[in-house]
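Right, I'll just put the structure down here and ask away after.
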């Protein structure tokens, strides 16, 4: 404790990056894979289609048998059978023979073309062909769509319906995905109550608990919202221990008062080790980060916008690492809509809303709920800068 | 049946629009509201904050008592109590009095400013103030963030963590959202099997079932995948009836052969009414649409890209209507990356991939699974057009 002091953001990120958490892999049924993140590269285990397949209804033939066909001198082939979609044909086509075949059915041995039935005539067990067919006419060759062994999807892909459909086409009933990190979320504050409870004088409804829990879920994690701890050691310690029991990490957001930070600090000290005690950014100075039995515990600021900003800067990268989405881009460049003032010597993060190619600063003060609801993300104003002019090029980091 | 013929797309959309389905509203717990679509406008039922609130730790005072304060002639006020966050203060401040107050605590009656404790001195039960405080210093007024009655969220909003956090701040334990339409999904084809089953000669794995079910889920519906019907009347009828029993609408995708369409047609005829029997678009001619006991039944084409294109054109607008998201924009304008040829007299939809400001046509044929997996959406080539030149401005509709 004695050695801990406010550290630069980069140092805090280094510490978080060194936390002993690794992405874990699980196999889920394909029906539950939508939205999950692929944990392995996927190469096709089969040819698609797995066999030479008729793409029209008609007659499977040996193309060479038809090369001499013309309107005036049609070729007659003997129809020796019929193959429907789903059939496993035993038939083998000899010279001068044809087979009636339906779309999607596998070509019989010997055949290399399918002539659509509209282009031929049928007389008894003979089909009359008026023009030559070339090999592969009316046929989708085995593997023409996807060759066995071809790399199709890479590790880290978030599965949309297009990817689940592709995995279905490959016959994959189970999919290797990154396990969702389990995140305990705790709100604090004697004045904070949950929606649904009546609001007594002096009380306000919780904001951060819902915001953080749902931001975790949007990121691809599993959130366990443990409710609200009072500003006392027993209440806070009980919920932190509950979180450590059931989850991979624990996120607290401070009440408005500074007391929670000190309590969190001493509980982490008692149960584990405080790693970061304040970060040299605004907002974020009150942020506390520790490790208990290998599990990270974050004490985030109480003001909603500050809480979300610190969650985005510190916790989201860790969660992305755990679900294999480290490379996800969550930044855009925009032009500042109007001048903003900062304080020299303070590294500041300001909420902004994006409108077209503009970043519009939202200057309501960090205490306002509405500032983060109206914001899309934030910009950084470095220590050395006092004024950012309208029109300046700024990098916007999206919340969470 | 006798009067039914291939109709223009607009006619089909009109028919679908007239289907007797209405959005339904349900109330869900706030914890389950993430990703759902708001069914009512939300105005704030309370002021946020609900009371005048200290934004710093310090002393609540009557500002006028401090107007004469200076370094040389500080003002001394009598500290008559302490208010912490969550307290419901009974204290009323008289002239010459102050109260110790913590951040987030409600101001006592009579007080209108909070001076941070760093700016004052304390001696016994007196606080010594060295400069004037103005009214509202260190105070967030009741309703300063959100005024009671203010319209905050509008019907049709898809709830992200920002909106659920806002609803939490308003104390809303339950949220009115549009009920997820329940959609039965049926694949067909004697040659089609589900992933996990072994692939026998002549068989292929299902694609459309997974694609459609997961596209429905991404749109905000609830998909019930009923599996694969064989190309026979009993099998198909059994699954359609099962779908009608448990769901609001039924989606079938044809096997590769045309037979399923005729079967679907006659089953709809038997149980209800065929409304559309083919649409004058490519792909989409084999699409069948009917109504059974007020529930729509769609028979979509079998080829994956055709199936997805028709799902996007015909079914997605209906689902969006049912979840209150009709206005959702799913189109962008791009420049065609290279020349494409179409057939005059045929209204064609071609899959494209978006790369920067370009739409890159994917010309693999509709039978390929990979074409819709690689595509982001499709462009339309009108009947009158044979060639679209590279660089031409095209509207891209995203899949689903």
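Scan A:297, A:274 and give me the residue that is at pLDDT 95 or above, in a strand (DSSP E or B) and touching a helix residue (DSSP H, G or I) at 6+ places or on another chain (Cβ under 8 Å).
Going through A:297, A:274 in turn, just one is at pLDDT 95 or above, in a strand (DSSP E or B) and touching a helix residue (DSSP H, G or I) at 6+ places or on another chain (Cβ under 8 Å): A:297.
Still on this structure, please answer the following. Could you give me the residue pairs with C-beta distances under 8 Å whose first residue belongs to the stretch A:351-374 and is more than 13 Å from chain B (Cβ to nearest Cβ) and farther than 14 Å from residue A:394 by Cβ, whose second residue is at pLDDT 85 or above and in a strand (DSSP E or B) wherever it lies, and which are 6+ apart or on separate chains?
Going by the 8 Å Cβ cut-off, the qualifying pairs are A:363/A:340; A:363/A:350.
Return the residues of the stretch B:91-123 that are within 46 Å of the chain's Cα centre (by Cα), within 13 Å of chain A (Cβ to nearest Cβ) and part of a loop (DSSP other than H, G, I, E, B); say none if nothing qualifies.
B:102, B:103, B:104, B:105, B:107, B:108
Continuing with this model, one more query. Every residue in the stretch B:303-319 that is within 14 Å of chain A (Cβ to nearest Cβ) and either outside any loop (DSSP other than H, G, I, E, B) or under 22 Å from residue B:15 (Cβ atoms) (or both), please.
Residues satisfying the conditions are B:304, B:305, B:306, B:307, B:308, B:309, B:311, B:312, B:315, B:316, B:319.
Can you name the number of the only condition in (1) under 20 Å from residue A:216 (Cα atoms); (2) in contact with a strand residue (DSSP E or B) (Cβ under 8 Å, 6 or more places away or on another chain) that residue A:357 fails?
Result: residue A:357 fails condition (1) only.
Is it the case that residue A:299 is touching a residue at least 40 places away in the same chain (Cβ under 8 Å) and either surrounded by 20 or more Cβ atoms within 10 Å (Cβ to Cβ) or under 25 Å from the mean Cα position of the chain (by Cα) (or both)?
On the way: touching a residue at least 40 places away in the same chain (Cβ under 8 Å): yes; either surrounded by 20 or more Cβ atoms within 10 Å (Cβ to Cβ) or under 25 Å from the mean Cα position of the chain (by Cα) (or both): yes.
Criteria met by residue A:299.
May I pose another question? Looking at the stretch A:29-63, which of the residues that are more than 13 Å from chain B (Cβ to nearest Cβ) and closer than 30 Å to residue B:213 by Cβ is nearest to the chain's Cα centre (by Cα)?
Across the stretch A:29-63, the extreme among qualifying residues is A:37.
Is one or more of the residues making up the stretch A:320-331 crowded, with 23+ Cβ neighbours inside 10 Å, more than 14 Å from chain B (Cβ to nearest Cβ) and touching a helix residue (DSSP H, G or I) at 6+ places or on another chain (Cβ under 8 Å)?
Yes, because at least one residue in the stretch A:320-331 is crowded, with 23+ Cβ neighbours inside 10 Å, more than 14 Å from chain B (Cβ to nearest Cβ) and touching a helix residue (DSSP H, G or I) at 6+ places or on another chain (Cβ under 8 Å).
Hey, can you tell me all the residues within the stretch B:124-163 that are free of Cβ contacts under 8 Å to residues at least 12 places away in the same chain and either under 25 Å from residue B:102 (Cβ atoms) or assigned to a loop (DSSP other than H, G, I, E, B) (or both)?
Of everything in the stretch B:124-163, just one residue is free of Cβ contacts under 8 Å to residues at least 12 places away in the same chain and either under 25 Å from residue B:102 (Cβ atoms) or assigned to a loop (DSSP other than H, G, I, E, B) (or both), namely B:124.
Could you count how many residues in the stretch A:157-178 are surrounded by 19 or more Cβ atoms within 10 Å (Cβ to Cβ) and either away from chain B (no Cβ under 11 Å) or touching a helix residue (DSSP H, G or I) at 6+ places or on another chain (Cβ under 8 Å) (or both)?
Summing the residues that are surrounded by 19 or more Cβ atoms within 10 Å (Cβ to Cβ) and either away from chain B (no Cβ under 11 Å) or touching a helix residue (DSSP H, G or I) at 6+ places or on another chain (Cβ under 8 Å) (or both) in the stretch A:157-178 gives 14.
Quick check on residue A:194: is it surrounded by 16 or more Cβ atoms within 10 Å (Cβ to Cβ) and outside the structural domain of residue A:300 (by TED's automatic domain parsing)?
When the stated conditions are applied, residue A:194 does not pass them.
Right, here's the next one. Sort out which residues of the stretch B:246-258 are in contact with a strand residue (DSSP E or B) (Cβ under 9 Å, 6 or more places away or on another chain) and surrounded by fewer than 23 Cβ atoms within 10 Å (Cβ to Cβ), and write them in order of number. Step through it out loud before you land on a result.
The initial filter retains those residues of the stretch B:246-258 that are in contact with a strand residue (DSSP E or B) (Cβ under 9 Å, 6 or more places away or on another chain), namely B:246-256.
Passing the criteria: B:246, B:247, B:248.
So, in the stretch A:271-289, how many residues would count as being farther than 29 Å from residue A:379 by Cβ and either free of Cβ contacts under 8 Å to residues at least 24 places away in the same chain or surrounded by 24 or more Cβ atoms within 10 Å (Cβ to Cβ) (or both)?
Qualifying residue count for the region: 1.
Hey, can you tell me all the residues within the stretch A:199-232 that are free of Cβ contacts under 8 Å to residues at least 40 places away in the same chain, within 11 Å of chain B (Cβ to nearest Cβ), part of a loop (DSSP other than H, G, I, E, B) and in contact with a helix residue (DSSP H, G or I) (Cβ under 9 Å, 6 or more places away or on another chain)?
So the first thing to find is which residues in the stretch A:199-232 are free of Cβ contacts under 8 Å to residues at least 40 places away in the same chain, and the list is A:199-206, A:210, A:213-214, A:217, A:232.
After this cut, where a residue has to be within 11 Å of chain B (Cβ to nearest Cβ) as well, the list is A:199-206, A:210, A:213-214, A:217.
Still in the list and also part of a loop (DSSP other than H, G, I, E, B): A:199-203, A:206.
Scanning the stretch A:199-232 gives a single hit, A:206.
The values are calculated or read from the model by the stated rules, or taken from the named source; none is laboratory data. Bear in mind the structure is a predicted one, so any value in this text is a computation, not a measurement. Cβ coordinates were reconstructed from backbone atoms using ideal geometry, including for glycine residues, and neighbour counts include every protein chain displayed.
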